[in-house]
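Worksheet: one structure, shown below.
The values are calculated or read from the model by the stated rules, or taken from the named source; none is laboratory data. Because the structure is predicted, anything quoted here is derived from the model rather than measured. Methodologically, a virtual Cβ is constructed for each residue, glycine included, from the backbone with ideal geometry; neighbour enumeration extends over all protein chains shown. These accessible areas exclude ligands, DNA and RNA; they are computed on the full protein's heavy atoms, side chains included. Shrake-Rupley method; radii C 1.70, N 1.55, O 1.52, S 1.80 Å.
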Amino acid sequence: METKANTILENRPELEKRVGEAAEVAGYLWQKGWAERNGGNITLNITDLVDAEIRAKPAISAPVPIGRVLPHLKGGYFFCKGTNLRMRDLARYPMENGSVIRVLDDCASYVIIADKPVRPTSEIASHLSIHNYLIGKGSNYKAVLHTHPTDLVAMTHNPAFLKKDVLSYLLWSMIPETRAFCPRGLGIVPYALPGSFELADATIEELAEYDVVMWEKHGVTSVSENIMEAFDMVDTLSKSAQIYLTAKSMGFEPQGMTVEQMDEMKIAFNLPK
Ligand code: 2HA
Ligand code: ZN
């Protein structure tokens, strides 16, 4: 069992709740079959919950270079899933399969401050670049989720689905829920090396317009105020993909809601797009 006495979460109910939500979502990702082995990553901006005692904590690692300067992250704190570690383990023991990092004043490196010297996710380049982008534009988004939903990734193997907003409209049209709860649709990033800044920058470009971005033949990345919302958007998109695939496997092309029906929802629910 995790020893509570050693955890940064002790006597910090808000921080415990936020990290607890990440652990809950990690369990869902595993149950969904979206988190094979060490697949997927979660990072949370926890800077708003950091007190003087945490700020005074000594580093438990040497500084690790990020590989670029991220000016908006100066003095920022992040909970990060550990690299090569499993979502299903993070679900039970978040502070043993994730760690808290502090970005140093050079904005180009970080140290681990709690609880164990667990090195952050292999996608730290894209996660921290995304947090830097979100803070820079004054967003209240604090959660970045990356996962490997089988149905959505399968759809990116069809070049026809990679054209702008083809998947957004197709998936919106499968069920009103997706139109309502993933109202910006789905951006597409062409295949790029996992963990690369190329992937990070292409994702950030799409985040100007979308909250959920598909990485071709790899996975999906979503951003939101909290990790539950980030998960729910991917979950609704996956539900739509399931409806599409179920209809196809019954031997017919699903009709889909009409553009008029989708636009009616936009007005009725005051959707952004
Ligand atoms: O962390 O999903 O993209 C494992 C991955 C890399
Ligand atoms: Zn991945």
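Below is a table of values for the structure above.
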read-out: Built amide H within the under 5 Å cut-off of M174, gap 5+; value: M257
read-out: FRET E, pair F197, S61, Förster distance 22 Å, beta-carbon r, rounded to 0.05; value: 0.50
read-out: Average Cα contact separation per residue, segment 157-273, under 8 Å, 6 or more apart, as relative contact order %; value: 31 percent
read-out: Kirkwood-based Rg to Rh ratio, segment 22-177, C-alpha trace; value: 1.02
read-out: The chain, accessible area per residue, ligands and nucleic acids excluded (1.4 Å, Å²); value: 45 Å²
read-out: Mean Cα-pair separation over length for the chain, i.e. relative contact order, pairs under 8 Å, 6 or more apart, %; value: 18 percent
read-out: Segment 206-248: C-alpha pair distances exceeding 17 Å, %; value: 38 percent
read-out: P(r) of segment 1-81 over all Cα-Cα pairs, binned every 10 Å from zero, in whole percent; value: 13, 40, 36, 11
read-out: Under the Karplus curve 6.51 cos²θ - 1.76 cosθ + 1.60, θ = phi - 60°, whole-Hz ³J(HN,Hα) for segment 104-112, x wherever Gly or Pro sits; value: 7, 5, 6, 6, 10, 8, 9, 10, 8
read-out: In Å, descending, principal axis extents of the Cα set of segment 65-155; value: 38, 33, 24
read-out: Max mean-square fluctuation residue, GNM over the chain, Cα-Cα springs under 10 Å, options M95, M174, M214; value: M174
read-out: Loop-exposed GluC sites (Glu not before Pro) per DSSP, neighbour cap 15 Cβ within 10 angstrom, longest uninterrupted part of the chain; value: 37-208
read-out: Rg and Dmax [Cα atoms of the chain; Å; Rg one decimal, Dmax integer]; value: 19.0, 62
read-out: Under 5 Å, built H, 5+ apart or other chain: amide partners of S224; value: K142, A143
read-out: Extension reserve of the Q255-Q242 stretch, reckoned as 0.36 nm per residue once the Cα distance is removed; value: 3.2 nm
read-out: Rh by Kirkwood over Cα pairs, then Stokes-Einstein D for segment 214-273 at 1.002 mPa s and 20 °C, µm²/s; value: 155 µm²/s
read-out: Rg/Rh ratio calculated on Cα atoms of segment 142-254 (Kirkwood radius); value: 0.95
read-out: Cross-link reach list, aspartates and glutamates versus K74, counting only Cα pairs under 17 Å and skipping chain neighbours closer than eight places; value: D48, D51, D105, D106
read-out: Built amide H within the under 5 Å cut-off of G187, gap 5+; value: V212, V213, M214
read-out: Segment 110-210 - percent of accessible surface contributed by carbon and sulfur, probe 1.4 Å; value: 59 percent
read-out: Label-reachable residues, segment 192-232, where backbone N falls under 13 Å from a point 7 Å from T83's Cα toward its Cβ; value: 194-197
read-out: E10 versus D105: modelled label distance in nm, points set 7 Å from Cα along the beta carbon direction; value: 3.0 nm
